[in-house]
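Scroll down for the structure; my scribbles are underneath it.
The values are calculated or read from the model by the stated rules, or taken from the named source; none is laboratory data. This structure is a prediction, so every number in the text was calculated from the model and none was measured. Every residue, glycine among them, receives a Cβ derived from its backbone with ideal geometry; neighbour counts consider all protein chains shown. Protein only, heavy atoms only, side chains kept; ligands, DNA and RNA dropped before computing areas. Shrake-Rupley method; radii C 1.70, N 1.55, O 1.52, S 1.80 Å.
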Amino acid sequence: MSSAISRGSSKKRQREPKPALGWRITGLVLGLVLTLVGAGGVLLNAVQGVQATGLVGTRGTFTVGYCIDTNRSGKTADYECGGDFTPRGGSADDGWSGRLEDAGDYAAGEKYDVVESWVGSDGRFREVGIGAVLGSVLWLCFGLVFLAMGVSQLRKWGKSCKG
């Protein structure tokens, strides 16, 4: 009986060794970067998603004047369209020139329902509608995933630095 007691008391739980300091710092930096990228993605796409509903911002019609492919590599197309914006309920005299963000290869003279963009400089417009909202929701979800991964990394590596 005494041997069973002595064997049980001699077994101590060993602590797991800590990762090297370099790995802990790398983990913290990675967590911080993922958190910042995720938070930025969530914020940006939340704003753009609200704009894409057309419920906020100056809404109107964008008449395409030209579209050009700005991606010189030729692998994928990245169109930028310029044209004239007319606010809802206004005349052509009330409008101004600008560029349409996230455009396709649109023909000159085509008209699109848009909202003036808050993000970036003046004279930029975004399309409104279900497709634009779904696109923003998709990128918002990616931002949330990056944010969750970053917070998880920060917690994990932060604990390893404490003790």
Determine the calculated [θ] at 222 nm for the chain from helices alone, applying -39500 (n - 2.57) to every DSSP H run no shorter than 4 residues and normalising by the residue count; nearest 500 deg cm²/dmol.
-16500 deg cm²/dmol
If you put +1 on each Lys and Arg Cβ and -1 on each Asp and Glu Cβ, how big is the dipole of the chain around its Cα centre, in Debye rounded to 20?
2460 debye
Expressed as a whole percentage, what fraction of the accessible surface of the chain belongs to carbon and sulfur atoms when a 1.4 Å probe is rolled over the protein heavy atoms?
61 percent
Among Gly98, Phe85, Leu34 the positive-end extreme of the charge dipole of the stretch 2-118 (Cβ point charges):
Leu34
Computed accessible area, Tyr79, all protein chains, 1.4 angstrom probe, square angstrom:
60 Å²
SASA check, Trp96, accessible area w/ 1.4 Å probe, all protein chains in place, rounded to nearest 10 Å², comes out at 90 Å²
Can you send over the solvent-accessible area of Thr53, 1.4 Å probe, protein chains only, in Å² to the nearest 10?
60 Å²
Surface per residue (accessible, 1.4 Å probe) for the stretch 49-127, Å²:
57 Å²
Suppose we take every Cα in the chain and form the convex hull; what volume per residue is that in Å³?
197 Å³
